[in-house]
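Below: one structure, written as structure tokens.
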Amino acid sequence: MRISTNTIYQTGINKISSLQSDQYKLQQQVSSGKRILTPADDPVGAARALTISQAQSINSQYADNRAMASFNLNSIESTLTSVTDLMVSAKSTLVSAGNAVLSSEEKNYISTQLSNDLQELIGLANTKDGNGNYLFGGFKNTTQPYTATTTGATYNGDSGQMDMQVSDTRRMSTTENGPDVFQAKGNDVFATLSNIVDLLANPATTTAALNTALASANTSLDKGLDNVLTVRAATGSKLKEIDSLDNNGDDRNLQYKAELSDIQDLDYAQALSDITKQKTILEAAQQSYVQLSGLTLFKYI
């Protein structure tokens, strides 16, 4: 079979182009630090890397959700700490209000103090998180949960609790609704304080009626305080769980990074060696082509 000079030239050019392409690809790999530049480089590895990257992205989203959940829960914990302190202080004030030798002016002073406590408690129940959403409004977190009334406070929210997916198997409530915190099982601390404020401010209130009301109020605040502490304990438990989930998420993220590195990352020593080898082959091919292209019959005439 006869091979034309053009075929010989084209074969040489194709070989040189192929070597140049290989050299360019190696240089790209070294520049990016990645062994797989396109799926064609390693279809199986590329598919596996995509699966791991998607899992890594989901894991990162869970981490973001946990950060937001932790922020909300810490806001609740901080607010309920203030509520606890306020209720303990109010209980102490109620004890002093039971002193039989108090004058009407002194009772009015205590009434004013408890009225201020009531307004502060309503304010705490209307606390917002860092995003401007109310902590104790349930699903209606853009509506102020409580409005002060002459008998305490009216709840404007609902009974829902906002929750978040904090791991692939765990959804966690990250808000509370007001009644579960301040009015659990019909024990309305707002109404309790409002009633005592009115009785102390009313000169016609008898000692016997006041003592009965104070005893009832103390019982109500005890129940309210116990309930607040229960909610705080549940909040603390959630925060502890988030810490554990964060640790697991961090470990999982490190595992994903290691797996991606095994699949995608370039062996620099091998790549640099290949570049040197390819460069030598390319130079040899170019020199051979130059010599071959110079072989014509005219050189021998």
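The values are calculated or read from the model by the stated rules, or taken from the named source; none is laboratory data. None of the values given here were measured: they were computed from a predicted structure. Cβ: placed from backbone, ideal geometry, glycine included. Neighbour counts: every protein chain shown. For the accessible areas, the whole protein counts, side chains as well, though only heavy atoms, and no ligand, DNA or RNA atoms are used. Shrake-Rupley method; radii C 1.70, N 1.55, O 1.52, S 1.80 Å.
Of all residues in segment 76-110, those satisfying the criterion of being more than 23 Å from Lys223 (Cα to Cα) and either part of a helix (DSSP H, G or I) or open to solvent by less than 40 Å² (accessible area, probe 1.4 Å) (or both) are Leu102, Ser104, Glu105, Glu106, Lys107, Asn108, Tyr109.
Tally up the residues in segment 149-171 that are among the small types (Gly, Ala, Ser), over 14 Å from Gln61 (Cβ atoms) and out of contact with any Ser or Thr (no Cβ under 8 Å at 6 or more places or on another chain), please.
Start the filter on segment 149-171 by keeping residues that are among the small types (Gly, Ala, Ser), which leaves 152-153, 157, 159-160, 167.
If we keep only those that are over 14 Å from Gln61 (Cβ atoms) too, we end up with 152-153, 157, 159-160.
Add one more test, that the residue is out of contact with any Ser or Thr (no Cβ under 8 Å at 6 or more places or on another chain), and what stays is 159-160.
Total meeting the criteria: 2.
Any idea which of Gly178, Gly160, Gly186 is surrounded by 18 or more Cβ atoms within 10 Å (Cβ to Cβ) and without any contact (Cβ under 8 Å) to a residue 60 or more places away in the chain? Exactly one residue qualifies, and that residue is Gly178. The residues of segment 248-264 that are open to solvent by 40 Å² or more (accessible area, probe 1.4 Å) and among the small types (Gly, Ala, Ser), listed by number, are Ala258, Ser261.
Identify all residues within segment 111-140 that are at positive phi and surrounded by 14 or more Cβ atoms within 10 Å (Cβ to Cβ); write none if there are none.
Gly138, the sole residue that qualifies.
Please count how many residues of segment 163-172 are among the polar types (S, T, N, Q) and either within 12 Å of Ile242 (Cβ to Cβ) or open to solvent by 70 Å² or more (accessible area, probe 1.4 Å) (or both).
Step one: filter segment 163-172 for residues among the polar types (S, T, N, Q), giving 165, 167, 169.
Next, from what is left, pick out any that are either within 12 Å of Ile242 (Cβ to Cβ) or open to solvent by 70 Å² or more (accessible area, probe 1.4 Å) (or both): 167, 169.
Selection size over segment 163-172: 2.
Yes or no, residue by residue, for (1) surrounded by fewer than 15 Cβ atoms within 10 Å (Cβ to Cβ); (2) at pLDDT 95 or above:
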site: Thr11; (1), (2): yes, no
site: Gln28; (1), (2): yes, no
site: Leu37; (1), (2): no, no
site: Ala49; (1), (2): no, no
site: Ala63; (1), (2): no, yes
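Quick one: what pairs do we get from segment 82-98, first residue touching a residue at least 60 places away in the same chain (Cβ under 8 Å) and closer than 15 Å to Leu229 by Cβ, second open to solvent by less than 50 Å² (accessible area, probe 1.4 Å) and small (Gly, Ala, Ser), C-beta under 7 Å, 6+ apart or different chains? Matching pairs, first to second residue: Met87/Gly224.
Is it fair to say Asn72 is open to solvent by less than 40 Å² (accessible area, probe 1.4 Å), farther than 30 Å from Thr127 by Cα and modelled with pLDDT of 70 or more?
Details: open to solvent by less than 40 Å² (accessible area, probe 1.4 Å): yes; farther than 30 Å from Thr127 by Cα: no; modelled with pLDDT of 70 or more: yes.
When the stated conditions are applied, Asn72 does not pass them.
Scanning segment 164-209 for residues that are of a type in the set (Gly, Ala, Ser), within 16 Å of Leu221 (Cβ to Cβ) and over 32 Å from the mean Cα position of the chain (by Cα) yields a count of 3.
Could you tell me which of the residues Thr207, Thr230, Thr212 is closer than 30 Å to Gln165 by Cβ, surrounded by fewer than 18 Cβ atoms within 10 Å (Cβ to Cβ) and among the β-branched types (Val, Ile, Thr)? Walk me through it before giving the result.
On the way: Thr207 fails: closer than 30 Å to Gln165 by Cβ; Thr212 fails: closer than 30 Å to Gln165 by Cβ.
Only one candidate qualifies: Thr230.
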